[in-house]
Amino acid sequence: MPQHLAHIDRVFHSLADPTRRAVLRRLARGPAPVSDLARSFPMSLPAFSQHLGVLEADGLVRSRKVGRVRTFSLVPKALKPAEDWLARQRGMWETRLDQLDSLLSDLNSKENP
């Protein structure tokens, strides 16, 4: 599998989970320590840390440790390949729907001259 497709798969893997999407929304406002991020979720810290691990492994966030505090930040450019893929899919479907609309209009005008 080409590298760019593998990256898109990892992005969608991360986005498939509502907890991870919520973490990304929060990090879009700026970096945050794990304890601040975890506070909003009704799960154990180890379970929450697994979500952070997935996001980091998939390249959507990065972490930095200063002393005992690990802070996470969003990597916005990591979402770009998935955004581009979605735009191509949308363009393809808009073209297909436009073609269908044209065909149906032609058929309708032939039936009702």
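The values are calculated or read from the model by the stated rules, or taken from the named source; none is laboratory data. Predicted, not measured: the structure shown is a model, and the values here were computed from it. With ideal geometry, Cβ positions are generated from the backbone for all residues, glycine too; neighbour counts draw on all protein chains shown.
At a glance:
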read-out: Answer residue from segment 1-33, given it is modelled with pLDDT of 95 or more and β-branched (Val, Ile, Thr) and is surrounded by the most Cβ atoms within 10 Å (Cβ to Cβ) among those; value: Val23
read-out: Any pair with Cβ under 9 angstrom, 6 or more apart, that starts in segment 36-53 at a residue that is free of Cβ contacts under 8 Å to residues at least 40 places away in the same chain and surrounded by 15 or more Cβ atoms within 10 Å (Cβ to Cβ) and ends at one that is among the charged types (D, E, K, R) and in a loop (DSSP other than H, G, I, E, B); value: His51/Asp17
read-out: Residue count, segment 56-113 (criterion: touching a His at 6+ places or on another chain (Cβ under 7 Å) and part of a helix (DSSP H, G or I)); value: 1
read-out: Some residue of segment 10-28 being touching a Leu at 6+ places or on another chain (Cβ under 7 Å), at negative phi, in a helix (DSSP H, G or I) and free of Cβ contacts under 8 Å to residues at least 12 places away in the same chain; value: yes
read-out: Search result, residues across segment 54-75 that are under 20 Å from Ile8 (Cα atoms) and in contact (Cβ under 8 Å) with a residue 24 or more places away in the chain; value: Val54, Leu55, Ala57, Asp58, Gly59, Leu60, Val61, Ser73, Leu74
read-out: Qualifying residue in segment 70-89 (condition: surrounded by 10 or more Cβ atoms within 10 Å (Cβ to Cβ), within 26 Å of His7 (Cα to Cα) and of a type in the set (Ser, Thr, Tyr)); value: yes
